[in-house]
Each structure stands twice: as structure tokens, then as C-alpha cells.
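K.L.:
I have a structure here, written as C-alpha cells, and I will follow up with some questions on it.
Read the figures in this text as sums done on the coordinates, not as results from a lab. Model, not experiment: these values are computed from the prediction. Note that each Cβ is placed from the backbone with ideal geometry, even for glycine, and that neighbours are counted across all protein chains shown.
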Amino acid sequence: MSIAVVGLGYVGLPLACKFADNGEYVFGIDVNEEKVNTINKGILPFGEDEPGLIELFERVIKSGRLKATDDFSVCREVDAIFICTQTPIDEITKEPIYDALKNAVLNVGKNIKPGILVVVESTVAPYTMEKMVKPILEEASGLKVGKDLQLVHCPERIAPGVTLLHIETMHRVVGGNTKEGIERAIQYYRKIVKGDLDPTDWLTAEVVKTVENAERDLKIAFANEIAMACEAIGIDYSQVRKFVNKAPLRDLVFPGPGVGGHCIPKDPYLFIYALKGKFKPKLLLTARKVNEKMPEHVVELVKKALKKNKIQMKDAIVTILGYAYKENTDDTRNTPAEEVRKLLEKKVKEVRVHDPHVNTKFVEKDLIKCIQDADCLVLVTAHNEYKELSPEILTQHLRHKIIVDTRNFLPEMEGFTQICLGVGK
Ligand code: SAJ
């Protein structure tokens, strides 16, 4: 059997590898020619930190079971197609940007034969399958969804850092508009997924995915709000969280410098977008605003820490530790560190950024060079590497022993000004 996976990103490439490793011949389709060539040379284009991915990738490339191409005509030769293109939102309007998805669906539609199964893994706003994907597919192919071809929505549920584990273990909703389509999709996923494969309809599947991330965003916003309240009244949120979570059915999460990643910051907006004219949610928007304001709060903590040491912001050299949005990954999508960096650059003398996992032009790899003569460290991402930051090293290289810790990650250090998010003093 052969399949095609469209969109070889953080979701599509691991999915293509898992299918290739489990009996399928896979055409990985991507519009980025450079990425296609890199993959066919046996070089993993990203995600070296993903446990197991590089070994899996090299195995399936070597076996010839995964081939990358930018040619959609391969869709004529396969039995099933999985679309995993990104679905970002517009920074200003917060509405979905479906260009990549539309392009994928259109090109798939132009190159399919009757009997094909098309699965959309991309996260989409509710109603998108019915109102956008289906009509484009039918128009481009001249086929009828549910009759000549089957269309399913099985939203991805992976987290960077545990991608392969999540593909194997996460329960999935399989939304379709025919029993046949759902059953055929479940047959494919059963080859790589040990979790539940729960049949449902398109709309429910779309709502499940956007709501599960809206719920997480809400919980993080709640943690952030209570953490700022704890700062204001002079207690330690981490103690509050520890004791509250001893109560049944309680599950306070951790405060942070903001919410990054490819899904949590945007999926609530996808859900809100679909409700337009039907229902106006208040909580979800408020949660988004709380989380989007956290970088400003981090800068306030920097100002407070410097002021405690009679240092003017305009005279300070500040080093940001961690640029990835998630610890021990190289993923910088929607990272709050970028907002912290931009805000600080307007206020302090010099901003430096360190991250051992991220290869971006302004991100420094040499930690000592990055902290040398700095007046304040701001820990934004709790990479394991920062556990090695001893008081001795810091005392030797910092100009002032000041730390703003947005993850409550570093141990207390004698003689340092340490301000932790959520800890009032
Ligand atoms: N964050 C906090 N406090 C927390 C947890 C997270 O501030 O207690 C921040 C993180 O620092 C990060 C952002 O929120 O900036 C998102 O973190 P996340 O742990 O939710 O990780 P993601 O973005 O990888 O979320 C994905 C989601 N999976 C999919 O959309 C398929 C999410 O639904 C999962 O719960 C999460 O992975 C996971 O780790 O399981």
C-alpha cells in the first residue's frame, strides 16, 4: 500500500516516517524544494532533539519507504493522503490563514482518482471541513465527497519534544461524514496508534481539537493570574499550587513568561472565529489577553530587580536565557522570548539572547560570553543546561548578581537578587 503525506513539518514528517516504518510506501509532499532535497539526501531538516526521530528517519529513508517530492501528481498513485499543513492565524485579526491548507487541498484535488481517502490532520476552525475543504476538493477533482472519495478530519495531537510517543499513544478523534471514510481512516491509524480512535463527525472533531487547547490556555492564564496575585500579596505561588493540588479534582498548572508554540496561542482564536455570529465567548478571549500580557510582566520584574540594585534600565545589559518556547527543544514558534526581547530592547542598554538548542542569527551559543558583565539574567526557558549555572560561575562573570526566573527553575543563591514569577517578597 502507498500513501502521501502533504506538509513535511513538525507533524507531517514524523507521521510520514511512522507510516513508512509500519508497512506503507510514503510520498512526502512539500512545496519547499530545499526541504525535499534535504530529506532525499537523508538529512533531517529539523527536530534533532526529538527522541527517536533521527534514527527512525534514517531507517525509512535508507529502506526507500519514504521519498520526498514537490510533485502532487504522485497523489494519483496512492490509496490515502494525509494533509498536515500549518494553519497559523493573522497577528492582527486573529483569523485563520488557510493559504497553505487551501493550496494543499487544491493540488490534492487536482491529482486524485475515485476511491481515494483524504485525511486532514491540520488543526482547523470548526466548520472548515464542511465549508472550505470539502468544496475545494470536490471542485478541483470533480468527485463527490462521501461517494467518490472519503474525507476525514483527524486532528494531530503531538507535542514537540515527545512527538513520536504522542503519535503512538495519544487517543485520537476520527471525524468523518460517512461510516466508510471513518473506518478506512481508522484502519490506517491502527497501524501506528495504540490509543483510542474515536469515531465522530467533522464538526465535533474540529471542536474537540480547538477546545482541548483553549482549555489548556485557560488553565495557564489562571495560573498566571494567581501567580501575579501572589506576587502582589507577598506569598509563593508554587506553595499555593502544591497545597491546592492536594485537594481532589484540583490541577493548578505553572505560570510562565507567556504561551508559545504552534497550537495553544492560536487554537482558542480558531474556536472563537467559528462562533462568530452564533456565540461570543468571554473567558477564552480574557485568557488569551492575560497570557499575551505576560512578557510585559516579565519586563516589569526586570525593572523591579534592577531598581532594587539602584540600576537604571537604560544602563543595564540583560541576558535572556532560553529562546525556544518549550524546554529542551529547538522550537521557537510564537515564543514569548521574542516579545520579552523586543520589549527589553526598547528599555535597556543591551539585550543578549542565549539558547543551546536554537540556531537563529541573534541567539548566542556561548553561555559564558553571553553572561559576561551582564547586569541581569532573565530565565525564560527551563532548558536542562541552565541547571549547571553555579553561583561561582555567575559571580565570576556577571557584573551584577541579579536573576529574574520566570520558571522558578534555578536554586536560591546566597547574595543574589532573585525575583521569581509568582513569588512575592
Ligand atoms: N506553559 C505554561 N505553563 C504550563 C504549561 C505550559 O506557561 O503549566 C507554556 C509553555 O511554556 C509554552 C506554552 O505554554 O510556552 C505551551 O506549552 P504546552 O506544554 O501546552 O506545549 P505545546 O505547545 O507543545 O502543546 C502541545 C499541545 N498539543 C497539541 O496541540 C496537539 C497541547 O494540547 C498538549 O497538552 C501539549 O502539547 C502537551 O505537552 O501534551
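K.L.:
Can you give the FRET efficiency for residue 232 and residue 347, using 1/(1 + (r/R0)^6), R0 = 25 Å, r = Cβ-Cβ distance, to the nearest 0.05?
P.N.:
On the way: r = 22 Å, r/R0 = 0.88.
Efficiency for this residue pair is about 0.70.
K.L.:
Additional query: Report, by chain and number, residues whose modeled amide H sits under 5 Å from the one on residue 326, excluding near sequence neighbours (fewer than 5 apart, same chain).
P.N.:
Under 5 Å from the amide H of residue 326: 331.
K.L.:
Would you give the gap between the C-alpha center of the range 356-425 and the C-alpha center of the range 183-228, rounded to a whole Å?
P.N.:
A separation of 35 Å, based on Cα centres.
K.L.:
Sort largest first and round to whole Å: the equivalent ellipsoid semi-axes of the range 328-425, each the square root of five times a Cα gyration tensor eigenvalue.
P.N.:
Computed over the range 328-425, the values are 20, 15, 15 Å.
K.L.:
Just to be sure I understand: of the beta bridges DSSP finds with both ends in the chain, what percent are antiparallel, rounded to 5?
P.N.:
Given both bridge residues lie in the chain, the antiparallel proportion sits at roughly 10 percent.
K.L.:
Using alpha-carbon positions, what is the distance between the centroids of the range 300-333 and the range 75-94, in Å?
P.N.:
36
K.L.:
Specify, per residue and in Å³, the volume enclosed by the convex hull of the alpha carbon atoms belonging to the range 174-267.
P.N.:
Taking the convex hull of the Cα positions in the range 174-267, it is 132 Å³ per residue.
K.L.:
What's the extension gain from residue 309 to residue 250 if we count 0.36 nm per residue and subtract their Cα-Cα distance?
P.N.:
Length gained, residue 309 through residue 250: 17.4 nm.
K.L.:
Looking only at the range 372-404, which residues have a backbone nitrogen under 13 Å from a spot 7 Å from the Cα of residue 414 in the C-beta direction?
P.N.:
391-392
K.L.:
Please compute the contact order of the chain in relative form: average sequence separation of alpha-carbon pairs under 8 Å and at least six residues apart, divided by the residue count, as a percent.
P.N.:
12
K.L.:
Quick test of the membrane-span-like rule: which DSSP H helices of the chain reach at least 20 Å along their long axis (C-alpha atoms) with mean Kyte hydropathy at least 0.0?
P.N.:
202-233
K.L.:
Okay, moving on. Order of 128, 38 from fewest to most other C-beta atoms within 10 Å?
P.N.:
The fewest-first ordering by Cβ neighbours comes to 38, 128.
K.L.:
Follow-up. Determine the relative contact order of the range 212-368: mean sequence separation of Cα pairs under 8 Å and six or more apart, normalised by residue count, in whole percent.
P.N.:
It rounds to 22 percent for the range 212-368.
K.L.:
Now, a different point. If each residue of separation counts as 0.36 nm, what is the full-extension length gain between residue 70 and residue 34 once their alpha-carbon separation is subtracted? Don't skip to the end; give the middle numbers.
P.N.:
Working: separation 36, 0.36 × 36 = 12.96 nm, distance 0.98 nm.
Additional length available on full extension: 12.0 nm.
K.L.:
Which part of the range 46-81 falls in the paramagnetic zone of residue 139, meaning amide N under 18 Å from the point 7 Å along Cα-to-beta-carbon?
P.N.:
Label zone hits: none.
K.L.:
Provide, for q = 0.22, 0.31 Å⁻¹, the log10 of I(q)/I(0) from a solvent-free Debye sum over equal Cα point scatterers in the range 362-402.
P.N.:
Listed by q, the Debye log ratios stand at -0.74, -1.35.
K.L.:
Out of every Cα pair in the range 266-394, what percent are spaced more than 27 Å from each other?
P.N.:
Percent of Cα pairs beyond 27 Å in the range 266-394: 28.
K.L.:
So for 238, 390, 141, fewest C-beta neighbours within 10 Å to most, what's the order?
P.N.:
If I rank by nearby Cβ atoms, fewest first, I get 390, 238, 141.
K.L.:
Let me check against my output: what whole-number percent is the relative contact order of the range 121-221, with C-alpha pairs under 8 Å and at least 6 apart?
P.N.:
31 percent.
K.L.:
Right, here's the next one. Arrange the following residues from fewest to most other Cβ atoms within 10 Å of their Cβ: 163, 178, 406.
P.N.:
Lowest to highest Cβ neighbour count: 178, 163, 406.
K.L.:
What fraction of the Cα pairs in the range 298-347, stated in percent, has a spacing above 14 angstrom?
P.N.:
The proportion of pairs with Cα distances above 14 Å equals 53 percent.
K.L.:
Report P(r) for the chain: all Cα-Cα distances, bin width 10 Å, range 0 to the bin holding the largest distance, values in whole percent.
P.N.:
Here the calculated profile for the chain is 5, 20, 27, 23, 16, 8, 2, 0.
K.L.:
Counting each pair of different Cα atoms once, what's the Kirkwood radius of the range 1-73 in Å, rounded to one decimal?
P.N.:
11.7
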